[in-house]
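What follows is a short report on a single structure.
The values are calculated or read from the model by the stated rules, or taken from the named source; none is laboratory data. Since this is a predicted model, take the numbers as computed values, not measurements. All Cβ positions, glycine included, derive from the backbone under ideal geometry; neighbour counts span all protein chains shown.
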Amino acid sequence: MVEREVVVVPEAGLHARPAKEIVKIARSYKSDVTVARNGREANARSLMKLMALGAKKGDSVLVRATGEDEEAAVEALVGLISSEED
Amino acid sequence: MPGARLEGVAASEGVAVGPAFVHAPDELEPQRTGIAEGEVEAELERFRGAIEAVVAQISEARDALSESGSEEAEILDAHVEFAGDPELHSEVEERVRNLESPEAAVLAVGEEFAGLFAGMEDEYMAARADDVRDVTSQIAAQLMGLRSSGLAGLAVPSVVLARNLAPSETARMPREMVLGLVTAEGSKTSHVSIMARSMGIPAVVGVGAEALERALGAGIVAVHGDDGYVVTDPDADEVAFFEGEQAEAATERAALEAYRHVEARTHGGRRIEVAANLGSPKEAADALSWGAEGVGLFRTEFLFMERDELPTEEEQYGVYREVAEAFGEKPVIIRTIDVGGDKDLPGVSGHEEENPFLGWRGIRMSLDVPDLFRPQLRAILRAAAHGNLKVMFPMVSSVEEFVEARCLLAECREELEREGAETGPVEAGVMVETPAAALCADELAREVDFFSIGTNDLTQYALAVDRGNEKLEKLYRADHPAVLKLIEMTCRAAEKAGIQTGVCGEAAGDPALAPKLVALGVTELSMSPPAIPRAKKIISELP
C-alpha cells in the first residue's frame, strides 16, 4: 500500500471537472484507489462518493492505493489534485 | 371575474396561453420490497439491465442537446456518470443479496447518497442531492416498468405546472407540446430556467408552493415570461391582452423576416455589412439562416480549453477550413486566441494574476509563446485556400505588437510555401479594445488591413468599470461620450487610410446603439445571429 497526503489546489475543490478527471485517471489503474478527508474515505472510481467528500481548495486529503501499480496511481492522483485547473 | 395572478421570476422570455397540465409525478413506491433467495441472481441481472437502459436514455437526451459543453449538457454528463457509479452498484447489489428488491434498494441507496450532499453548506453541492435523486429515481422507475415521466405523454399543447422539474424531465419533454412552464421552485439560474431558455419556451419560476397549489385547479393558464407573472383562468379581457402580446411578438417576427436575407443599406445608400459572432463552426449554418453576411468575430478559445494538450495545427486547420467553406466568398474574421494568463492552457505555464483583465493575455501571450501562436497562424493560412479568411489580433496596445504579429504571419507563410503547402491570401487586422489602440488609430491604420472594435472591453477599459460588477451596472455604458469618441477616432483614422471598421461587441446588436455606430462611420456590425434581422431593419430605416 502507498499513501500520500496532499493539499487540494483546484479552485473548484474536488467537484465537477476535477472530480471527473480523478475518476477517469483512477479507472485507468489496476490498484484500488481511495481519497479520504477527515477520516471519511471514498473510492476514487466513484464520482458520487468523491464529490460527497466535499473537499475544497486548501483542504488536505489522503490518497491511498493498493495493488500492482499503486505507486504510479498515487503519483498520478496527487499530481492531479495538487495542480491548478481553471 | 378576472383570474388570480401569481408573481414569480421571469425565467425565459415569451408569452403563452393554454390549458393547464399539472405535472405531479407519483412518489415512487415500490410494490415489492423483498425477494426470495432463489431470485437474487435474476434480480441482479435485472438491475444491471436497468442501469444500461437508463445510461442509454440519459445519453440520448444529452446528445439531443445541440450545444456540447453547455451547462445542460454538463449536467446530463454528470448524470451518466452517476448512473454508472461503481459504489452505487455495489451497495445496491449487496442489499439485493440480502433479499431486498432492487427498486427498493436503489431508492434507499440514492437517498443515503443524496443525504451526503444535502447536508453540505455549499449551495452548489447541496443542490447535487437532487441530481443523485433524479438518477436513482430513473433507475427505480425503469425497474418498476414506469418509463414515461408523464410529460413524455403530453398530447395537447399545454402550459405545464410543476413543483419543480428535474433535468431529465425537461430534457425529454416534447418541445412542441409545451407552450409554457410554471414552477413553484427555482431561480433564473436553476436547471429548469436554463433549459427553458435554450428551448425557447416561455417560463415563470419560483412562484412559491402555496401559489402553485392554488393554481392547480385552473383550466387555462397564461404565462408572461418577460414580466414574470402568471394568470390562472384569465377572463376574456386578460386573454385578449395576452393574445395581443403574442400577436405583437409574432408581427414583429414576421416584419423582421423580410429583412433576413437583404443587403442592409441606409436611405442614403451606405452599405453596412451585418455579420455574425461565432464560437464554433457548428454555429455556421444557423448564422447563415439568420442572414449573416460573414463572420465578424470567430472565437477560437473553444479549441484550447478543457483539454490536456494544445490542439495541433491539423486540428485547427480542419476547424478553420470548415467555417471558411461554410461561408464561401463571405468574409470570416478569425480572432487568434484570447485567454488570460489566469486560465490554465496545456503547455503554457499558468499563474495567478492580480488583475487578469490588465494582464498577460491575447496578443501579449501569443507573441511570448510561439508554440501556441505559430500553429494557429499556419492553420489559418492553410485554411484560407478554401474561403475568404482574415485574421485579427486581440488586446493590441501598440503598433509594434501588430507589426511583430504580422512578421510572424509572413514567416509562417514563407515556411508553408517552402513546404509546398497550399495557402490563401489573409488580411490582418486588429481588434480595437484598448483605449491605447483607439488613440493610436492613425498610426495603426497605416499598418493594418482593417479594424474591428470590441466595444465590450473598450468600454470597460475606457471607463475603468468592471463589466462583471453588479454594483457598477449603471456606470457601464457603451454609449458614454468617452467610448463614442474613441470609436469615432478609430473610424476617422480608418477612412483616411481607406480601410474598413467593424464593431463586434454587444453594442453592434443593440437596437439603440447601432444607429450611433453607423453615424460614427462604422461599416460592419457583427452580433449574435438571432439579432441580425432586426439590425438589418434598423439600418434600412436610417437616413
### Message
Taking the criterion of being at pLDDT below 90 and either more than 20 Å from the chain's Cα centre (by Cα) or more than 28 Å from B:Val54 (Cα to Cα) (or both), would at least one residue in the stretch B:195-205 satisfy it?
### Response
no
### Task
Sort through A:Ala52, A:Ala42, A:Ala16 and tell me the only one that's at pLDDT below 90, within 14 Å of chain B (Cβ to nearest Cβ), within 24 Å of B:Ala129 (Cα to Cα) and touching a Leu at 6+ places or on another chain (Cβ under 6 Å).
A:Ala52
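Residue under question is B:Leu165, and the condition is that it be farther than 19 Å from B:Glu74 by Cα, away from every other protein chain (no Cβ under 14 Å) and in contact (Cβ under 8 Å) with a residue 60 or more places away in the chain; does it hold?
no
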### Query
Is it the case that B:Ala129 is without any contact (Cβ under 8 Å) to a residue 40 or more places away in the chain and in contact with a Phe, Trp or Tyr (Cβ under 8 Å, 6 or more places away or on another chain)?
yes
### Task
Answer yes or no: is there a residue in the stretch B:124-138 that is buried (at least 18 other Cβ atoms within 10 Å of the Cβ), modelled with pLDDT of 90 or more and farther than 15 Å from A:Lys49 by Cβ.
no
#### Entry: Every residue from the stretch B:241-277 that is among the aromatic types (Phe, Trp, Tyr) and either surrounded by fewer than 14 Cβ atoms within 10 Å (Cβ to Cβ) or part of a loop (DSSP other than H, G, I, E, B) (or both)
B:Tyr259
### Task
Report yes if some residue within the stretch B:308-315 is within 14 Å of chain A (Cβ to nearest Cβ) and at pLDDT below 90; otherwise report no.
yes
### Task
List every residue pair whose Cβ atoms lie under 9 Å apart, where the two residues are 6 or more positions apart in sequence or sit on different chains, the first residue falls within the stretch B:471-496 and is assigned by TED's automatic domain parsing to the domain that holds B:Ser397 and in contact (Cβ under 8 Å) with a residue 40 or more places away in the chain, and the second residue, located anywhere, is in a helix (DSSP H, G or I) and among the hydroxyl-bearing types (Ser, Thr, Tyr).
B:Ile487/B:Thr455
### Members of the stretch A:1-21 found to be farther than 18 Å from B:Asp122 by Cβ and without any contact (Cβ under 8 Å) to a residue 60 or more places away in the chain, listed by number
A:Glu5
### Task
Only one of these is buried (at least 20 other Cβ atoms within 10 Å of the Cβ) and either part of a loop (DSSP other than H, G, I, E, B) or facing another protein chain (nearest Cβ under 10 Å) (or both): B:Glu121, B:Glu81, B:Glu87, B:Glu103. Name it.
B:Glu81
### Task
Would you mind finding the one in A:Thr34, A:Thr66 that is within 12 Å of another protein chain (Cβ to nearest Cβ) and at pLDDT 90 or above?
A:Thr34
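One line per residue, one yes/no per condition, for (1) touching a Lys or Arg at 6+ places or on another chain (Cβ under 9 Å); (2) of a type in the set (Val, Ile, Thr); (3) farther than 21 Å from B:Val448 by Cα; (4) part of a strand (DSSP E or B):
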site: B:Met365; (1), (2), (3), (4): no, no, no, no
site: B:Arg374; (1), (2), (3), (4): no, no, no, no
site: B:Arg378; (1), (2), (3), (4): yes, no, no, no
site: B:Ala384; (1), (2), (3), (4): yes, no, no, no
site: B:Val403; (1), (2), (3), (4): no, yes, no, no
site: B:Cys407; (1), (2), (3), (4): no, no, no, no
site: B:Cys412; (1), (2), (3), (4): yes, no, no, no
